[in-house]
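The values are calculated or read from the model by the stated rules, or taken from the named source; none is laboratory data. Remember, predicted model here, so these are calculated numbers, not experimental data. Virtual Cβ from ideal backbone geometry, glycine too; neighbours counted across all protein chains shown. Remember, those area values only see protein heavy atoms, side chains included, never the ligands or the DNA or RNA. Shrake-Rupley method; radii C 1.70, N 1.55, O 1.52, S 1.80 Å.
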Amino acid sequence: MQLLSPLSLVLLAVVPILAAVRIWAMRRRPPTAIRYSSLSLVRDAVPRSSWIRRHVPFALLLAALASLVVALARPVAIVSVPAGQTTIMLTLDVSRSMCATDIAPNRLLAAEAAAASFIQRQSSTTRIGIVAFAGFAEIVQAPTNDQEVLLDVIESLTTGRRTAVGSAILKSVDAISEIDPAVAPTATDDPNGSPPPDAPAPVPKGAYAPAIVVLLTDGASNTGADPLEAAGQAADRGIRVYTIGFGTDDPGDANFRCGQQFIGREPAGSGDPGGFGGFGGGFPGPGGGGGGGGFSRAIDEPTLKGIAEATGGEYHPAQSADELQKVFAELPTSLITKHEVMEVTVAFAGLGALLLVASILLGQAWRPLP
């Protein structure tokens, strides 16, 4: 159970204070003395339930106050209900290092084959979108049920320089927000873009949208938005991110080049004229896949694990085509449910009211002895 206004719980301090005041008042009450010929007569005259009658009404009053304070904190319960339609964003790294041949025929083709098999296994009620990212991220296919279109898009991916993991997460969340009004768009990381929207209130912990992001990369983020900050925005919107670290420790020839079918161009202003001509960037520099001094091919597992942990997803390593196929097959797509937030304030308020009424009625019926 989560609380929407947890600061209201400070009022619970009133309960022990009232209990202490009552104990102090009872001890300060001046004793009264009456002469009796026999103490046995007093014992017989005092009702057995005098202690219960004296203290239970006040205890019920304290319980009523505690319940009403909890109601002020606005408790909510997270309820899982079947989602009529789910959304999956396949977010694929197309940096130049994906042309490495340590995984035959190369990492990109192996990733495309695994993604294609994954798409073909999904039901007609599952919408799939595709985000490709290298030095920037782009929605290359909005979520759709048309598997033929998705397969064509997968086969047409081209490569580019650098790796923008954080930007890819933000772009994936934005793609979901375009078809699900319950998911707010993210704050853009583009300084020339539109002003970011006001940050939405984070969803209660454990409340998830009926959508997930599956992010595959073979490297470490070296441009764009900070990946963990982007993961925080996804978590605030209830979007789980499942990360996959793909590749081995030995990518092969450090001077490998992509085949012509994988070569794309950077967007206008990045050094290659002409804007988009496919997705991605120009030829790699002498040191490998990245322009501007190259980039590391090592998989940043701590960051990928941090992204998954922050959003409620999972991290999966894959060092072969078979392992990648297995990872895709084990993704929890059949378990995606919609998590609704149900406020249960009324229940605690009603309980508090009942306890208060019981305290008053018992106090009137059981007047304590002087």
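The table below gives the values:
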quantity: Accessible surface ranking that places the most exposed of 309, 314 first, with a 1.4 angstrom probe; calculated: 309, 314
quantity: Solvent exposure ordering (accessible area, 1.4 Å, most first) of 249, 180, 146; calculated: 249, 146, 180
quantity: Shape of segment 83-172, Cα gyration tensor, a/c cut at 1.5; calculated: oblate
quantity: Amide H partners (placed H, <5 Å) of residue 218, local residues excluded; calculated: 246
quantity: For segment 103-114, 3J(HN,Hα) per residue [Karplus equation, 6.51 cos²θ - 1.76 cosθ + 1.60, θ = phi - 60°, Hz, x = Gly/Pro]; calculated: 10, 6, x, 7, 4, 5, 5, 5, 5, 4, 5, 5
quantity: ³J(HN,Hα), Karplus 6.51/-1.76/1.60, whole Hz, each residue of segment 96-101, x for Gly, Pro; calculated: 5, 5, 5, 8, 4, 9
quantity: Computed accessible area, residue 362, all protein chains, 1.4 angstrom probe, square angstrom; calculated: 50
quantity: Packing rank of 9-19, 152-162, 66-76, 128-138, where each peptide gets the mean count of other beta carbons within 10 Å, highest leading; calculated: 128-138, 152-162, 66-76, 9-19
quantity: For residue 209, distant residues with modelled amide H under 5 Å away; calculated: 239, 240
